[in-house]
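The structure appears right after this line, and notes come after that.
The values are calculated or read from the model by the stated rules, or taken from the named source; none is laboratory data. Given the structure is predicted, the values throughout are model-derived calculations rather than measurements. Cβ coordinates were reconstructed from backbone atoms using ideal geometry, including for glycine residues, and neighbour counts include every protein chain displayed.
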């Protein structure tokens, strides 16, 4: 076993060519066998379009046994791509890959992350990728599994997140057993999600599968990053490789991200340096700490306030140039706006209020110049309307914002005249004073209803901050339902400390995405914190079981306002417009008859839990007890009865 593990490690790390045929060891695994042997990979790991230099003969197959199945080869491709985890709820159309993961790969690199719903599988992969910086795979069971997963795939599409979706299917109608296998098969499975995947394919041979897999992976991780789909036919999974000598594996070579041209970046720098009131707006721009540091340097050189739209963790919250809470005022005053991977550029200069006629209203001055650096110019699909309203930027730059930041910094430093440096320096002190006032105002606002019951969202967030602030922590949930209090009160200084928003705003994203993010944070030695809304958890509560099963250090704190509160407000608004009964807006939008015991739910799934807590004085001690569990490497949940927002 030691020799094989050493071989596997060296083969994957160094790219050493390996034989295509498995050794003849038995694949049997007993319950007592906690760490089964990892069999050596049979993919030609080294060169594109070249054969492995020496090949063993494949074990013979007979009518009852299969030697050298194609699914082992499919698992090797996951290894080559560096995919450490595969999320799945079991399904018969990918049983070959499932078995290869747990026996051939020994349930390690990749490891199976056990899920209770396909939507959770995809959402876990979504959350993981945003923290790990690389894709995770999810397996889905043909028609029914892919339809279950489709909402989470759509969220990842809207969020520009890479993901490898592998779907089982049975193409050959003569090989389908009567009944269920016909219901669970499609002629064109990819059509179900083609409007919100970057690429899909249905390979008809293992050679085809290898090339499609490498193409799909490369496309998924090249900005604009998106989910991709490969259909793994059951025949390819379950039948033996006909002749290992025929197999060729293209090398994995990631593409260089697209960068804004030097001339375009120089033009952008000229506009920014000449501006009297420049504003930087970042959405899904930053993926690494180096990129955040570069953005800080650009902002400081210009003394331009930054609005972080929180698609990612773009800018430190404790930096004097972070003026996210001043968005409306800054956009109204700006003469030049730099938009970095902003999903809705039109929305920076105008808005549509939720009134009866919905007239467009300006947010910016009519002569405001907008620079937009985005990969959105490099692709597009028309059916799903995630592209937002069209806006013709003054200077549109087609390129990855993160990859373009170093060039933009150089251009700004080169373009700035002494007079412009002096004008920028003059902005520093007023911006520092405005920043301090913004932070003090937030602290003052947080004290309102401090001792109220149910507990205010500001107090909930501050009590969470008190128990995590001295640890290596990361927030893995969106802040919108809690009035953005974490970003207003906590010090976020690293990109990994915040997962960003959820993409398509599909309810059910939060809990499983937090689990996926916690998986990546566990590998990095960090504690993940999830402030979880109640309505979202009820879509996929099985994510709690996955967290307990895999022993993820995840602190979940329920924002339990016992309602889909936003929908309550929508119905009340409709009733008010129609002069009816706004108080009846709670019908169909609340979760209190009967109330849901989330702590009991979590305990039933093997998670430590406490609550519901409604008295503010009890919250801090309960969170401290939960953190003891999390620091020991286990998930914990604290159910907190809260104010609506």
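Of the numbered conditions (1) out of contact with any strand residue (DSSP E or B) (no Cβ under 9 Å at 6 or more places or on another chain); (2) on the phi < 0 side of the Ramachandran plot, residue 102 satisfies every one except a single condition; which is it?
Of (1) out of contact with any strand residue (DSSP E or B) (no Cβ under 9 Å at 6 or more places or on another chain); (2) on the phi < 0 side of the Ramachandran plot, only one is false for residue 102: (1).
Looking at 301, 343, 328, which is the one that is in the same structural domain as residue 400 (by TED's automatic domain parsing) and without any contact (Cβ under 8 Å) to a residue 60 or more places away in the chain? Talk me through it step by step, then tell me what you get.
Details: 301 fails: without any contact (Cβ under 8 Å) to a residue 60 or more places away in the chain; 343 fails: without any contact (Cβ under 8 Å) to a residue 60 or more places away in the chain.
The match here is 328.
Inspect segment 143-151 for any residue being assigned to a helix (DSSP H, G or I), within 17 Å of residue 213 (Cα to Cα) and at pLDDT 95 or above and give the result as yes or no. Give the derivation first.
Step one: list which residues in segment 143-151 are assigned to a helix (DSSP H, G or I), which gives 143-151.
Filter again for within 17 Å of residue 213 (Cα to Cα), leaving none.
Looking for residues that are assigned to a helix (DSSP H, G or I), within 17 Å of residue 213 (Cα to Cα) and at pLDDT 95 or above, one finds none in segment 143-151, hence no.
State which residue is surrounded by the most Cβ atoms within 10 Å (Cβ to Cβ) when the search covers only segment 219-236 and only residues that are within 14 Å of residue 171 (Cβ to Cβ) and out of contact with any strand residue (DSSP E or B) (no Cβ under 7 Å at 6 or more places or on another chain). Talk me through it step by step, then tell me what you get.
Kept after step one, since they are within 14 Å of residue 171 (Cβ to Cβ), are these residues of segment 219-236: 230-236.
Cutting the leftovers down to out of contact with any strand residue (DSSP E or B) (no Cβ under 7 Å at 6 or more places or on another chain) gives us 235-236.
On the way: 235: 16, 236: 23.
If we take residues in segment 219-236 being within 14 Å of residue 171 (Cβ to Cβ) and out of contact with any strand residue (DSSP E or B) (no Cβ under 7 Å at 6 or more places or on another chain), then 236 is surrounded by the most Cβ atoms within 10 Å (Cβ to Cβ).
For the list (1) exposed (fewer than 15 other Cβ atoms within 10 Å of the Cβ); (2) at pLDDT 95 or above; (3) within 24 Å of residue 482 (Cβ to Cβ), I need the number of the one condition that residue 554 fails.
It is condition (1) that residue 554 fails.
I need the full set of residues from segment 226-245 which are over 25 Å from residue 64 (Cβ atoms) and in a helix (DSSP H, G or I), in order please.
Going through segment 226-245, the residues over 25 Å from residue 64 (Cβ atoms) turn out to be 226-231, 245.
Of everything in segment 226-245, just one residue is over 25 Å from residue 64 (Cβ atoms) and in a helix (DSSP H, G or I), namely 245.
Scan segment 593-615 residue by residue and report those that are surrounded by 21 or more Cβ atoms within 10 Å (Cβ to Cβ) and on the phi > 0 side of the Ramachandran plot.
611
Hey, does segment 307-320 have a residue that's within 21 Å of residue 376 (Cβ to Cβ), within 24 Å of the chain's Cα centre (by Cα) and either assigned to a helix (DSSP H, G or I) or in the same structural domain as residue 490 (by TED's automatic domain parsing) (or both)?
Just the residues of segment 307-320 that are within 21 Å of residue 376 (Cβ to Cβ), to begin with: 307-315.
So of that shortlist, the ones also within 24 Å of the chain's Cα centre (by Cα) come out as 307-315.
When the remaining residues are screened for being either assigned to a helix (DSSP H, G or I) or in the same structural domain as residue 490 (by TED's automatic domain parsing) (or both), the result is none.
No, segment 307-320 contains no residue that is within 21 Å of residue 376 (Cβ to Cβ), within 24 Å of the chain's Cα centre (by Cα) and either assigned to a helix (DSSP H, G or I) or in the same structural domain as residue 490 (by TED's automatic domain parsing) (or both).
What helices (runs of 4 or more DSSP H) lie completely within segment 530-591 and have 2 or more residues being within 21 Å of residue 614 (Cβ to Cβ)? Working first, answer last.
On the way: elements: 534-537, 543-549, 565-577.
Because the criterion is at least 2 residues that are within 21 Å of residue 614 (Cβ to Cβ), the helices (runs of 4 or more DSSP H) in segment 530-591 that meet it are 534-537, 565-577.
Pull up segment 111-142, narrow it to residues that are without any contact (Cβ under 8 Å) to a residue 40 or more places away in the chain and part of a strand (DSSP E or B), then point me to the one that is surrounded by the fewest Cβ atoms within 10 Å (Cβ to Cβ).
111
Out of the residues in segment 484-505 that are modelled with pLDDT under 95 and surrounded by fewer than 21 Cβ atoms within 10 Å (Cβ to Cβ), state the one that is farthest from residue 645 (Cα to Cα).
504
Just one of the numbered conditions (1) under 20 Å from residue 463 (Cβ atoms); (2) in contact with a helix residue (DSSP H, G or I) (Cβ under 9 Å, 6 or more places away or on another chain) is not true of residue 576; which one?
(1)
If you go through segment 270-280 one residue at a time, do you hit one that is surrounded by fewer than 22 Cβ atoms within 10 Å (Cβ to Cβ), outside any loop (DSSP other than H, G, I, E, B), touching a residue at least 24 places away in the same chain (Cβ under 8 Å) and not assigned by TED's automatic domain parsing to the domain that holds residue 73?
Scanning segment 270-280 turns up at least one residue that is surrounded by fewer than 22 Cβ atoms within 10 Å (Cβ to Cβ), outside any loop (DSSP other than H, G, I, E, B), touching a residue at least 24 places away in the same chain (Cβ under 8 Å) and not assigned by TED's automatic domain parsing to the domain that holds residue 73.
Given the criteria assigned by TED's automatic domain parsing to the domain that holds residue 292, part of a helix (DSSP H, G or I) and buried (at least 17 other Cβ atoms within 10 Å of the Cβ), does residue 420 qualify?
Details: assigned by TED's automatic domain parsing to the domain that holds residue 292: yes; part of a helix (DSSP H, G or I): yes; buried (at least 17 other Cβ atoms within 10 Å of the Cβ): yes.
Spelling it out, residue 420 is indeed assigned by TED's automatic domain parsing to the domain that holds residue 292, part of a helix (DSSP H, G or I) and buried (at least 17 other Cβ atoms within 10 Å of the Cβ).
Sort out which residues of segment 246-269 are touching a residue at least 12 places away in the same chain (Cβ under 8 Å), closer than 28 Å to residue 413 by Cβ and in a helix (DSSP H, G or I), and write them in order of number.
Result: 262, 264, 265, 266, 267, 268, 269.
Do we find that residue 378 is within 19 Å of residue 277 (Cα to Cα) and either assigned by TED's automatic domain parsing to the domain that holds residue 266 or loosely packed, with under 14 Cβ neighbours inside 10 Å (or both) in this structure? Can you show your working first?
Numbers: within 19 Å of residue 277 (Cα to Cα): no; either assigned by TED's automatic domain parsing to the domain that holds residue 266 or loosely packed, with under 14 Cβ neighbours inside 10 Å (or both): yes.
Answer is no for this residue.
Would you confirm, using the coordinates I've provided, whether residue 216 is outside the structural domain of residue 377 (by TED's automatic domain parsing), in contact with a strand residue (DSSP E or B) (Cβ under 9 Å, 6 or more places away or on another chain) and over 30 Å from residue 399 (Cβ atoms)? Walk me through how you get there before you give the answer.
Values: outside the structural domain of residue 377 (by TED's automatic domain parsing): yes; in contact with a strand residue (DSSP E or B) (Cβ under 9 Å, 6 or more places away or on another chain): yes; over 30 Å from residue 399 (Cβ atoms): no.
So residue 216 does not fit the description; no.
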